[in-house]
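The values are calculated or read from the model by the stated rules, or taken from the named source; none is laboratory data. Predicted model only: the values in this text are computed from it and were never measured. In this analysis, Cβ positions are derived from the backbone assuming ideal geometry, glycine residues included, and neighbour counts consider all displayed protein chains. Each accessible area value is taken on the protein alone, full model and side chains, heavy atoms only, with ligands, DNA and RNA left out. Shrake-Rupley method; radii C 1.70, N 1.55, O 1.52, S 1.80 Å.
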Amino acid sequence: ADTYRAWFCSWAPFPDPPAWLKRCDGRVEWTLPLDGSGRFDQDIPKMADLSKRLGLDFVRLGGQMIPSVAAGKHRCNRFPFPDPLMGSEREFTEVLDQVRRQGCRVAFYINGQAWDPRWPACPTSCAGMMPASVKIPDWEAGFKQNALHRYDGTLYSQYRKAAGHWPAPEPDSPYGCLFYFMCMASQGWQDHLFYWTVEKYVKQYHAGAMFLDQLGAESAKYCYNPAHGHTHHGAWSQGVVALAKRIKEEARRIDPDFALETEGYGDAYASSFDSFFIAPSSTGVWSDSFPELARYTFPEHIFFDGYWSIQNPAYKRTPEEMFNEVFLIGNRFLVYAQPNVLTKHLSDVINLRKRIKHVQYAARYMDDVGVSVSDAKVRVKRFVLDEPDQKVTLLTIHNHEGVVGANVEVVLDALGPVREAAVAVIAEHVNGLDVNESVTHASFAAPKGTLSAVLLVHRGKDVIRLAREATQIPPLNGKETFQ
Ligand SMILES: [Zn+2]
């Protein structure tokens with residue numbers, strides 16, 4: 001990882017997420033009602049209120065889009081016009097202005113790579129409800145030229161039969177699938193996503209951030225359409241990067257704090273996107289997903305991880321165990337607004353994060369390098385903040401079984417002796433900590449609490465004071481309802 005990071009940093013531009021995103025502890029996730037019963041002016045403020053209640057001030061929503069002929073109303077619908085059954089474009093803008101005035105940013109979902117070829121055919125429920133100025137791509141009139149093309153000229157289809165919550169395509173459909181994958185390096189598809197992201201959602205509706213689905217989670221695909229102008233057939237990722245750069249550059253002329261996110265993670269995308277949606281990685285659902293490795297290699301990349309309800313989940317962790325993992329390695333909490341997620345434990349974990357965020361988000365995540373524990377049941381992760389006027393070692397600790405007296409030993413390296421130390425245990429206050437020191441190491445007894453954090457200050461003022469005085473949210477009491 002060290003060698004790879006050194007090579008990567010020798011050529012990759014540094015990420016430039018807005019300051020609010022760097023300080024952000026997490027966000028509320030929700031899908032607006034898919035049965036046509038939703039209202040923008042009620043459902044969006046409700047989720048903004050919940051995010052404020054959790055001290056997060058950030059929401060990402062799906063389900064706001066108009067249905068498509070192929071799949072009906074669905075979270076992942078491919079046409080981003082705000083569903084006219086839930087409110088007008090003007091109401092949509094007004095409600096986003098209203099929640100922004102209350103300090104909450106709202107991001108919206110748009111699919112980044114797939115398209116329903118039945119457009120411009122519109123479902124009868126929304127017929128005539130879109131203004132004439134809205135550009136609806138016409139597949140047969142030429143939009144299909146922007147699709148990914150194989151060497152033999154065929155297209156890449158998605159969902160040729162029913163899958164999970166996706167219906168089968170109509171039996172008499174000339175397409176034989178619900179969607180086609182588009183070429184990320186084609187001008188027409190880039191222009192389409194740019195129009196919806198920048199011209200509509202940012203400029204007209206005042207969305208504070210946007211999410212392009214699937215791009216970082218997708219394998220690159222070849223495209224052999226010479227009319228697209230890409231210099232060779234392997235330009236998929238280059239197309240993603242060019243599009244993301246163009247969106248961010250133009251969106252930030254309108255809103256200098258605009259942020260762009262995609263699903264999955266690609267290190268080469270990290271200077272083009274501001275953050276990555278990797279949920280539900282920390283539930284243990286994917287045996288080949290190692291969020292701690294990405295955190296170690298690229299501590300400056302921002303990941304949102306949490307308990308995300310997907311089809312047929314084989315989650316190995318409960319929501320509470322999953323949030324412990326997200327806390328431990330310092331990723332941002334993705335809070336899907338369901339009762340099994342919105343527990344007192346969640347609010348306690350968020351509060352514990354708020355005590356250490358001033359160190360953690362600026363520090364380098366070292367995983368368990370430089371730290372050893374006398375009892376393997378106690379897991380400890382190390383973060384190092386090494387700046388000229390501030391040198392701090394932060395340890396996040398997961399003591400699942402409440403082991404008493406486990407000894408944690410940490411290397412001091414060039415950080416120097418510990419001048420001040422404190423411990424924050426979940427659902428408790430910040431307290432002083434007894435630390436034993438040698439020339440090379442510091443050691444202390446791991447707290448018995450399930451989750452805790454230790455701050456060892458080698459240099460710098462106010463590190464412990466800021467932890468003590470950190471803003472805390474009132475604990476959730478299990479009786480509150482948000483839906
Ligand atoms: Zn192409």
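Taking the DSSP beta bridges with both ends in region 2-342, the antiparallel portion is around 25 percent.
If you take the square roots of the eigenvalues of the alpha-carbon gyration tensor of the chain and sort them as a ≥ b ≥ c, do you get rounded (a/c under 1.5), prolate (a/b over b/c) or oblate? In terms of gyration-tensor shape, prolate. Rounded, prolate or oblate: which one fits region 145-200, using the alpha carbon gyration tensor with axes a ≥ b ≥ c (rounded when a/c is under 1.5, else prolate when a/b beats b/c, else oblate)? Taking the square roots of the gyration eigenvalues as a ≥ b ≥ c, region 145-200 is oblate. Taking the alpha-carbon distance from LYS135 and a cut-off under 21 Å, which lysines remain once sequence neighbours fewer than 8 residues away in the same chain are dropped? Reachable lysines: LYS73, LYS144, LYS200, LYS203. For region 364-468, the solvent-accessible area works out to 47 Å² per residue, with a probe of 1.4 Å and every protein chain left in place.
Taking the average, over residues, of other Cβ atoms within 10 Å as the packing measure, peptides 245-255, 300-310 rank 300-310, 245-255 from highest down.
Within region 416-483, which trypsin sites (Lys or Arg not before Pro) sit in a loop by DSSP and count at most 16 neighbouring Cβ atoms inside 10 Å? Working shown, then result.
Working: sites: ARG419, LYS448, ARG459, LYS461, ARG465, ARG468, LYS479; in loops: ARG419, LYS448, LYS461, LYS479.
Loop-located and lightly packed - ARG419, LYS448, LYS461, LYS479.
Computed from Cα positions, the angle between helix 319-329 and the longest principal axis of the chain comes to roughly 70 degrees. The peptide list 256-265, 122-131, put in order of mean Cβ contacts within 10 Å with the highest first, becomes 256-265, 122-131. Based on C-alpha pairs under 8 angstrom that are at least 6 apart in sequence, the chain has a relative contact order of 12 percent. The fraction of accessible area contributed by carbon and sulfur in the chain is 52 percent, rounded to a whole number (1.4 Å probe; ligands and nucleic acids excluded).
Once the Cα atoms are used to define both axes, helix 40-53 deviates from the longest principal axis of the chain by about 10 degrees. Here the Karplus curve 6.51 cos²θ - 1.76 cosθ + 1.60, taken at θ = phi - 60°, turns the phi angles of region 237-246 into couplings of 5, 4, x, 4, 5, 4, 5, 4, 4, 5 Hz, with x standing for Gly and Pro.
Rounded to the nearest 500, the helix-only mean residue ellipticity at 222 nm of the chain stands at -6500 deg cm²/dmol, with each DSSP H run of n ≥ 4 adding -39,500 (n - 2.57).
What is region 82-155 by shape, rounded, prolate or oblate, if you read a ≥ b ≥ c off the alpha carbon gyration tensor as root eigenvalues and call it rounded for a/c under 1.5, prolate for a/b larger than b/c, and oblate otherwise?
Oblate is the answer for region 82-155, as a/c is 1.5 or above yet b/c matches or exceeds a/b.
Along region 271-287 the Karplus relation, 6.51 cos²θ - 1.76 cosθ + 1.60 evaluated at θ = phi - 60°, assigns HN-Hα couplings of 8, 9, 9, 9, 7, 10, 9, 10, 5, x, 3, 6, 6, x, 6, 10, 6 Hz to successive residues, with x for each Gly and Pro. Karplus-based coupling profile of region 141-158, in residue order and whole Hz: 7, x, 5, 5, 5, 8, 6, 5, 10, 6, 4, 8, x, 7, 9, 8, 9, 10, with θ = phi - 60° in 6.51 cos²θ - 1.76 cosθ + 1.60 and x standing for Gly or Pro. Counting only residues at least eight positions apart within a chain, or on another chain, the lysines with an alpha carbon under 22 Å from that of LYS381 are LYS22, LYS316, LYS354, LYS357, LYS391, LYS448.
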